[in-house]
Every structure is written in structure tokens, then in C-alpha cells.
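The structure under discussion appears below in the form of C-alpha cells.
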Amino acid sequence: QVQLVESGGGLVQPGGSLRLSCAVSGSSFSINAIGWYRQAPGKERELVATITNIGTTNYGDSVKGRFTISRDNAKNTLYLQMNSLKPEDAAVYYCKANSGVFHYWGAGTQVTVSS
């Protein structure tokens with residue numbers, strides 16, 4: 001079992017920055033990939049960024065060059081640095097961990113981008 005708790009969401013103006021965190025607990029050693037997804041009202045959940053246990057990263061096209069995913073294994077924490085935020089980045093951001101055939105999701109953190 002893996003538990004994921006997101007934090008760091010909030011209200012930010014367009015062009016601003018936020019850093020999201022995902023605290024990982026439980027069988028974190030079994031995770032082979034972990035990442036961020038987001039879902040805006042009326043839209044499907046979409047990939048934001050993922051990172052594997054060997055550090056390979058993957059980004060959704062809409063966030064490339066603006067968002068950076070990273071992990072601190074000593075703190076069992078995943079991060080998402082979001083810069084140059086746009087109104088269309090507003091969504092609930094979820095942390096997801098893959099462990100073999102199992103997928104674990106956090107409860108999400110709300111990001112609002114508005115002036």
C-alpha cells in the first residue's frame with residue numbers, strides 16, 4: 001500500500017508560480033513511477049508530468065518548459081514546480097504512483113489561476 005498526500009495548491013495570478021508537494025508513505029520502495037495529473041471542471045484527467053525511479057521524466061505538451069517535476073527520496077516527497085502559470089492551468093492536481101500493477105492516487109490539491 002502507498003499513501004499520497006498533496007499540498008501547496010492555492011490561488012495565484014497569471015504569470016505566477018506555485019510549488020506542489022506530494023508526501024509519500026507506505027511501501028514507497030515499490031514505486032516504479034510517480035507523477036502529477038490534473039483535472040479541470042468538465043474535462044478529462046490529463047498527464048502533467050511523471051518521473052521514474054531512475055529519474056526519467058515525461059511532461060504533458062501544455063506544460064513543457066514551464067513545469068518541473070522532481071523528487072527528494074530522503075524526504076519521500078515529490079514536487080511540481082509550476083512557473084508562468086496560465087488560467088488554463090487551473091485544476092485539481094493529483095499525485096499518482098505506480099507500483100507494479102497497482103496505481104495509487106492522492107486526494108488532490110486545488111490550483112486556481114486568476115487575477
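Might you tell me the accessible area per residue for the chain, computed with a 1.4 Å probe and given in Å²? If you can, show how the numbers build up before the last one.
Details: 6110 Å² over 115 residues.
Here the residues of the chain average 53 Å² of exposed surface.
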> With every protein chain in place, what's the accessible area of Arg45 (1.4 Å probe, Å², nearest 10)?
Replying inline: 100
> Taking every pair of alpha-carbon atoms in the chain, what share in percent sits in each 5 Å bin, from 0 to the bin with the longest distance?
Replying inline: 2, 13, 25, 26, 19, 10, 5, 1, 0
> All other residues with a Cβ under 13 Å from the Cβ of Glu6 taken together, and with Lys, Arg as +1 and Asp, Glu as -1, what is their net charge?
Replying inline: +3
> Of Leu47, Ser114, Leu80, which is farthest on the positive side of the dipole of the chain, counting Cα position, with +1 on Lys and Arg Cβ, -1 on Asp and Glu Cβ, and the Cα centre as origin?
Replying inline: Leu80
>> Give me, ordered by chain and number, the residues 5 or more places off Val2 or on other chains with an amide H under 5 Å from its own placed amide H.
In response: Ser27
>> Could you identify which residue out of Pro87, Pro14, Pro41 has the top mean-square fluctuation in a GNM of the chain using Cα springs shorter than 10 Å?
In response: Pro41
> Hey, if we sort Ser25, Ser115 by accessible area with the 1.4 Å probe, largest down, what's the order?
Replying inline: Ser115, Ser25
>> For the chain, what does the relative contact order come out to in percent, with C-alpha contacts under 8 Å and a separation of six or more?
In response: 38
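Given an 8 Å cut-off on Cα distances and at least 6 residues of separation, report the relative contact order of the range 1-56 as a percent. Please list the in-between numbers first.
Numbers: 61 pairs, mean separation 15.5, N = 56.
Value for the range 1-56: 28 percent.
The values are calculated or read from the model by the stated rules, or taken from the named source; none is laboratory data. As the structure is a prediction and not an experimental result, all values here were calculated from the model. With ideal geometry, Cβ positions are generated from the backbone for all residues, glycine too; neighbour counts draw on all protein chains shown. Ligands, DNA and RNA are stripped out before the accessible areas are found, and what is left, the full protein with its side chains, is counted by its heavy atoms. Shrake-Rupley method; radii C 1.70, N 1.55, O 1.52, S 1.80 Å.
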